[in-house]
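Structure, as structure tokens:
What follows is calculated from the coordinates using simple rules that are stated; it is not laboratory data. Being a predicted model, the structure only gives us computed values, none of them experimental. Note that each Cβ is placed from the backbone with ideal geometry, even for glycine, and that neighbours are counted across all protein chains shown.
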Amino acid sequence: MTNTEFNYQLLSLESKLSGFARSLTKNNDDAKDLVQETMYKAISYREQFAENTNLKAWAYTIMKNTFINNYRRNARRNATFEKNTIEGSIYKNIDNFNPMPDSAYAANEINEVIKSLDDESKIPFQMHIEGYKYEEIAQKLNIKLGTVKSRIFLTRKKLMDALKDYN
């Protein structure tokens, strides 16, 4: 197969690779990056592609391995995450909030209720509010995904019960 034929066949797989990338990353921007990296690697390692084999399967394997390697690399990078870092940033969003006087009172009440929670509930909830995904919270706190979801759900219920006047 010539380079031109290889490139043409690889480009014809782009939409299928995009769908697979979205299923892996659950994020359009990350999926686009993964497709681009997969195409780059496929073209770079074209010599390793065996003639008369399935190009689609080969490209999917490259994508899957790239995704796994990136995930592991990010996991190792985040493994040094300290509990102190979590606690130090817990009130970052609330403390930097400059509301109107009446909503400042409400924010202070909400802040007090959040501070009164036990760390087991407070830390995952605050991380979720700060934008961490459930999987990231589970990984950083070294707890199961279902436990994270349960704690965040139960913390929301506690807050809603404690702050009935603001619902």
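Among 31-41, 144-154, sorting by the average number of other beta carbon atoms lying within 10 angstrom of each residue, highest first, gives 31-41, 144-154. Greater than 30 Å separation of Cα atoms is the criterion. Which listed pairs, K115/K149; K64/K140; K56/K140; K115/K140, meet it? Result: K56/K140 exceed 30 Å.
The charge dipole of region 1-70, taken about its Cα centre with unit charges on the Cβ of Lys, Arg, Asp and Glu (plus for the first two, minus for the last two), comes to roughly 240 debye.
A crude spin-label estimate for the pair K115 and N70, with each label 7 Å from Cα along the Cβ direction, gives 4.1 nm. For region 3-78, the residue among F67, F49, V35 whose Cα projects farthest onto the positive side of the dipole built from Cβ charges is F67. May I ask you to list the residues of region 21-35 whose amide nitrogen lies under 19 Å from a point 7 Å from Cα along the Cα→beta-carbon direction of K149? Under 19 Å, as judged by backbone N against the label point of K149, lie 23-27 of region 21-35. Taking other residues whose beta carbon is less than 12 angstrom from the beta carbon of S23, and scoring Lys, Arg as +1 and Asp, Glu as -1, yields +3.
Look at the alpha carbon pairs under 8 Å that are at least 6 residues apart: their mean separation over the length of region 3-78 gives a relative contact order of 32 percent. Near H128: Cβ cut-off under 10 Å, other residues only, Lys/Arg at +1 and Asp/Glu at -1. The net charge is +2. A convex hull fitted around the alpha carbon atoms of region 1-80 yields 87 Å³ per residue.
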